[in-house]
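K.L.:
I have a structure here, written as structure tokens, and I will follow up with some questions on it.
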């Protein structure tokens, strides 16, 4: 149960089968640095490239294809006092005839006040002078190596994870990922200080982080990412259109309710029909993300 | 500010330009009965046909094309002690290769205990013996006459409302609908005692209701339904795929933030980017429903 | 087998259950006038409104719900020497970041030369001075009354037909439509002198026509429109996204191959897998259109 | 202008940045063997794995990122006398409630008669005893290395090509692909003896081939694959849903008409609006394929 402090020196724009940066044991914790979505580190020096440069990959001993890697998100601490966003809404979330303006290349800067627990636009437009959303750190992009030698751009997502931009990938959540290669090869980065549903301006408040995560290898097989918070369990689907992401997530939840909670499909359907919640992750990138979520109060683990 | 008690004797399966069942004044309240999605009334007698037989239409004096009809949902009281659902998950929410069984025609019966505030499956499958979701009454289908003489099936939805199956169409919410004909011609029905997101078994807990709603005519123009609860405002889009429903909802919210909260598109985008929430309504019927929601704590009405 | 010459005096923007303009017998032919998509008649006088004002409805005696109305398109003759189009590509067919310009309200005028069999832009932009596509008249929008009292805007389409904008709805084609009301109630209009796949500028070359069609009532039931040309049979699906339109069309073709050509699903699948063709109709309006087409040379009617 | 005869000994299931199997000069021709989609070679020995094992990659000297690789398909000769297909229609092309049966794992065998120019099911189901579709060889899957170190599964497609399953990727066609790495790194395989639109049974008639292709490096930049036949030019988009594939293809065609044919967007739109054709490639795999096609008779190269 060691804790490793890893200082990355190179970053990856694909999640694939690269040489591990560190080998750790099942149960170990890693504390490491991540740079922002455009490659700026804690000193705002450009040390990586877009999109979403990843720290990693971490080789978790004992993880084999067909296993599941459980990743507990222990802590996400912003490592600098500024973040940035784009300002216009993404093309993907507006009616085509209502796009307000063309995407500017300039960014808006946010001041991150860890003590106050808020972020503020440095130059707020009219009406947002007092706007200070709470810091709610989350990991935008993370995952394990996909199957068959694939290497997937960190701008997108698939069943191995990737750029899902889902708010519940936050401290206190444990995420399960399907392992396809020995050691799992885990990558992470693209931390957000805050983000609404959908990442609809194409970014959260992008900044560098110190991230702490703990790994556990489960000898079981899953198809899509799953997660657990203090209150909920959720399954995640990544695809386009949103309809298909929702199908993947719902199907994975149906399987989960059968495997761990003893619910046959008819029982699971009755339960889900009355208490399911859907959350929208990324609706900006090539694959969209939907989470199918159920409060644990409705469930009894068998 | 009269209150009218209306007892329907006929029901409608399209939302169109039918002869009004009652004429009321701006500001009036209506208390009326609705039958369930399959046409069963409070005594479980079949008095209407599928899909979603509607009570109405109510003619609201003073409502003209281009206006907005505000409908406050005052009270939704189940008028019988049983409801029903389908049991399997809908084809639309599962991966095609994971559909667990073919849709049976039989229904599951739920006992509705208004005093306890819960519903229970009369014959619960294994694992759901103790499952008693709380009563959270909502209106599944309601709307005003669409433009140009259209008559739209109550199985679907459009910018005039319809079968949206969104949980926040519940007591305490005020809904705005775009008026296309004199008097607005408001219909309602398809009450649910409870329902998860998406109406993913093809039903909520379907039962008959006594519904109380209060109307107000606003001399302003909107494009898609809008709503307000104690905590949130939301805009609703109806379309397929979900992506397009989300675009309609987001675009309507962007307009709203400009009209009522003084936010230019750039400011509105910054706000929405950090605090927006998306909710999924119906993902079962021809048009799907997405709500774009923002907490009022972030807004200052101008 | 009478031929009726009908001169319309009113036009419809919904396909629904209006009072018939003419009652005809099974086997009869109708020759009638249609106005263009914006309501201009043969003299370019505005006598109807957008979208797609329809001539009709024609009541075909003997047609009952559950039957099929066969409509043979005998002749489509432009009734004036000009047509019009919009010029920019529709938002729906371009990447959001590549939309070249905002849709102008001005129209481009085309001269229709029936003798030469071509159309020409009156004021061609640079590079199109010699561009003279052949006249290939087709019916953009037609259909029968939908079920249950629905009235559907002529801007969209459904299983009863509507604004499908498919090139093979042309002289020589016989179209089958599912009958939902006594007399079928057939409407037609929105003639195009020419049109590429998809109606991707939002119009074909829109003009007024004299149209001749012959009706026959078939005592059989279909779900989606079907058609037959000299060389092909095709089934049509209308929905969004295109994927779903394609599913409807393919499913209807599968049924058809079973009903009329004695092919069990496995045989039909083998045949379709090697020889099917997909054509794209409207990709501009709320519902898109896909045709699933098979050459008759591969089929033996049983 | 050398001709190289290459005998592959290993095959790839991702299109990425592997070690070249052969280096050739700009203008050279390659004659090589491809194995079928499941890995069977000319002797029906399994030498590769699913999905779609690729021959390659070929390094074309002079090709640099930002260039375009032109690939002329000279000849596709089946190298054995049998092929295979799946029999049921894919889930993706049928209405969910109309799926005729669950996908069997057994395959149907076709006899390929090169002399007669036809294929025949070895055990035809009732009604297909005489069914002998013509051999129309095509390449199902081919492409160049994608950008940024991506490695994409040969079950899908993207802007670098991949599993597009489009009938016009056939002898006589020249395909253009956007180069992202030095040498382009071209892969090919998954030959079909015949295939309808959409690859709707999940396969064409899958068999091994001897393929002959000739490469040329163009010092110009494209975004999506383009192609030219004796009669047409076409641009290809790969995405889900079909709507987005169509948008990519249409946008690429719009660019092409500007670059090579001197047509400003307004002129290009007028031309495309009247003469464009859309073809459907793969509608089975994660990304679907649409081609936007225009007959060369309408175009004057500048």
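K.L.:
Evaluate the stretch C:226-236: report whether one residue or more is facing another protein chain (nearest Cβ under 10 Å) and buried (at least 23 other Cβ atoms within 10 Å of the Cβ).
P.N.:
If we filter the stretch C:226-236 for residues that are facing another protein chain (nearest Cβ under 10 Å), which is where we start, we get none.
Scanning the stretch C:226-236 turns up no residue that is facing another protein chain (nearest Cβ under 10 Å) and buried (at least 23 other Cβ atoms within 10 Å of the Cβ).
K.L.:
Which count do you get for residues in the stretch A:253-288 that are under 15 Å from residue B:280 (Cβ atoms) and touching a helix residue (DSSP H, G or I) at 6+ places or on another chain (Cβ under 6 Å)?
P.N.:
Of the residues in that region, 7 qualify.
K.L.:
Is it fair to say residue B:97 is in contact (Cβ under 8 Å) with a residue 12 or more places away in the chain and either within 30 Å of residue A:252 (Cβ to Cβ) or surrounded by 14 or more Cβ atoms within 10 Å (Cβ to Cβ) (or both)? Don't jump to the end; show me each part of the working.
P.N.:
Values: in contact (Cβ under 8 Å) with a residue 12 or more places away in the chain: no; either within 30 Å of residue A:252 (Cβ to Cβ) or surrounded by 14 or more Cβ atoms within 10 Å (Cβ to Cβ) (or both): yes.
Taking the combined requirement at face value, the residue does not satisfy it.
K.L.:
While we're looking at this one, here's another question. Residue A:193 - would you say it is under 15 Å from residue B:94 (Cβ atoms), crowded, with 24+ Cβ neighbours inside 10 Å and touching a residue at least 24 places away in the same chain (Cβ under 8 Å)?
P.N.:
Working: under 15 Å from residue B:94 (Cβ atoms): no; crowded, with 24+ Cβ neighbours inside 10 Å: yes; touching a residue at least 24 places away in the same chain (Cβ under 8 Å): yes.
Against the criterion (under 15 Å from residue B:94 (Cβ atoms), crowded, with 24+ Cβ neighbours inside 10 Å and touching a residue at least 24 places away in the same chain (Cβ under 8 Å)), residue A:193 does not qualify.
K.L.:
I'd like to check something: does the stretch D:14-29 contain any residue that is at positive phi, assigned by TED's automatic domain parsing to the domain that holds residue D:177 and at pLDDT 95 or above? Before you say what the answer is, go through the steps one by one.
P.N.:
Let us first name the residues in the stretch D:14-29 that are at positive phi, namely D:27.
Restricting the remaining residues to those that are assigned by TED's automatic domain parsing to the domain that holds residue D:177 gives D:27.
Add one more test, that the residue is at pLDDT 95 or above, and what stays is D:27.
Yes, because at least one residue in the stretch D:14-29 is at positive phi, assigned by TED's automatic domain parsing to the domain that holds residue D:177 and at pLDDT 95 or above.
K.L.:
Related question: Go through the stretch D:287-302 residue by residue and tally those that are more than 16 Å from the chain's Cα centre (by Cα) and crowded, with 22+ Cβ neighbours inside 10 Å.
P.N.:
Initial filter on the stretch D:287-302 (more than 16 Å from the chain's Cα centre (by Cα)): D:294-302.
Okay, now just the ones that are also crowded, with 22+ Cβ neighbours inside 10 Å, so D:294.
So the answer is 1.
K.L.:
Run down A:168, A:242, A:177, A:188 and say which single residue is within 14 Å of another protein chain (Cβ to nearest Cβ) and crowded, with 23+ Cβ neighbours inside 10 Å.
P.N.:
Working: A:168 fails: crowded, with 23+ Cβ neighbours inside 10 Å; A:177 fails: within 14 Å of another protein chain (Cβ to nearest Cβ); A:188 fails: within 14 Å of another protein chain (Cβ to nearest Cβ).
Answer to the selection: A:242.
K.L.:
When you scan the stretch C:143-161, do you find a residue that is closer than 28 Å to residue C:236 by Cβ, surrounded by 22 or more Cβ atoms within 10 Å (Cβ to Cβ), outside the structural domain of residue C:14 (by TED's automatic domain parsing) and out of contact with any helix residue (DSSP H, G or I) (no Cβ under 6 Å at 6 or more places or on another chain), even just one?
P.N.:
no
K.L.:
From the list B:182, B:171, B:137, which one is over 16 Å from residue B:76 (Cβ atoms) and either touching a residue at least 60 places away in the same chain (Cβ under 8 Å) or touching a strand residue (DSSP E or B) at 6+ places or on another chain (Cβ under 6 Å) (or both)?
P.N.:
B:182
K.L.:
Condition test on residue B:51, is it under 26 Å from residue C:149 (Cα atoms) and under 20 Å from the mean Cα position of the chain (by Cα)? Walk me through how you get there before you give the answer.
P.N.:
On the way: under 26 Å from residue C:149 (Cα atoms): yes; under 20 Å from the mean Cα position of the chain (by Cα): yes.
Yes.
K.L.:
When the stretch C:262-285 is examined, which residues are found to be more than 7 Å from chain D (Cβ to nearest Cβ), touching a strand residue (DSSP E or B) at 6+ places or on another chain (Cβ under 9 Å) and at pLDDT 95 or above?
P.N.:
Across the stretch C:262-285, the qualifying residues are C:279, C:281, C:282.
The rows are residues; the columns are (1) modelled with pLDDT of 95 or more; (2) within 18 Å of the chain's Cα centre (by Cα); (3) within 14 Å of chain A (Cβ to nearest Cβ); (4) over 26 Å from residue C:18 (Cβ atoms).
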position	(1), (2), (3), (4)
B:108	yes, no, yes, yes
B:126	yes, no, yes, yes
B:142	yes, yes, no, yes
B:147	yes, no, no, no
B:154	yes, yes, no, no
B:160	yes, yes, no, no
B:212	yes, yes, no, yes
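K.L.:
Further, regarding this structure: Among (1) in contact with a strand residue (DSSP E or B) (Cβ under 7 Å, 6 or more places away or on another chain); (2) in a loop (DSSP other than H, G, I, E, B); (3) surrounded by fewer than 20 Cβ atoms within 10 Å (Cβ to Cβ), which single condition is residue C:212 missing?
P.N.:
Of the numbered conditions (1) in contact with a strand residue (DSSP E or B) (Cβ under 7 Å, 6 or more places away or on another chain); (2) in a loop (DSSP other than H, G, I, E, B); (3) surrounded by fewer than 20 Cβ atoms within 10 Å (Cβ to Cβ), the odd one out for residue C:212 is (2).
K.L.:
Going residue by residue through the stretch A:121-133, is there one that turns out to be part of a strand (DSSP E or B) and outside the structural domain of residue A:28 (by TED's automatic domain parsing)?
P.N.:
Step one: list which residues in the stretch A:121-133 are part of a strand (DSSP E or B), which gives A:121.
Adding the requirement that they be outside the structural domain of residue A:28 (by TED's automatic domain parsing) leaves A:121.
Yes: the stretch A:121-133 contains one or more residues that are part of a strand (DSSP E or B) and outside the structural domain of residue A:28 (by TED's automatic domain parsing).
K.L.:
If I filter the stretch C:7-60 down to residues being touching a helix residue (DSSP H, G or I) at 6+ places or on another chain (Cβ under 9 Å) and in a strand (DSSP E or B), which single residue comes out as farthest from residue C:161 (Cα to Cα)?
P.N.:
Restricting to residues being touching a helix residue (DSSP H, G or I) at 6+ places or on another chain (Cβ under 9 Å) and in a strand (DSSP E or B), the top hit is C:12.
K.L.:
Additional query: Can you confirm whether residue D:40 is buried (at least 21 other Cβ atoms within 10 Å of the Cβ) and without any contact (Cβ under 8 Å) to a residue 24 or more places away in the chain?
P.N.:
Numbers: buried (at least 21 other Cβ atoms within 10 Å of the Cβ): yes; without any contact (Cβ under 8 Å) to a residue 24 or more places away in the chain: no.
Against the criterion (buried (at least 21 other Cβ atoms within 10 Å of the Cβ) and without any contact (Cβ under 8 Å) to a residue 24 or more places away in the chain), residue D:40 does not qualify.
K.L.:
Okay, next question. Could you check residue A:195 against (1) within 14 Å of the chain's Cα centre (by Cα); (2) more than 7 Å from every other protein chain (Cβ to nearest Cβ); (3) not in a strand (DSSP E or B) and say which number it fails?
P.N.:
Against the list (1) within 14 Å of the chain's Cα centre (by Cα); (2) more than 7 Å from every other protein chain (Cβ to nearest Cβ); (3) not in a strand (DSSP E or B), residue A:195 comes up short only on (2).
K.L.:
Let me ask you something else. Pick from the stretch B:1-29 the residues that are within 12 Å of chain C (Cβ to nearest Cβ) and closer than 13 Å to residue B:186 by Cβ: which of them is surrounded by the fewest Cβ atoms within 10 Å (Cβ to Cβ)?
P.N.:
Among those that are within 12 Å of chain C (Cβ to nearest Cβ) and closer than 13 Å to residue B:186 by Cβ, it is B:18.
K.L.:
Here's a follow-up. Considering only the stretch D:268-286, state which residues are surrounded by fewer than 24 Cβ atoms within 10 Å (Cβ to Cβ) and under 20 Å from residue D:169 (Cα atoms).
P.N.:
Within the stretch D:268-286, D:277, D:279, D:284, D:286 qualify.
The values are calculated or read from the model by the stated rules, or taken from the named source; none is laboratory data. These numbers come from a predicted model, not from an experiment. Cβ coordinates were reconstructed from backbone atoms using ideal geometry, including for glycine residues, and neighbour counts include every protein chain displayed.
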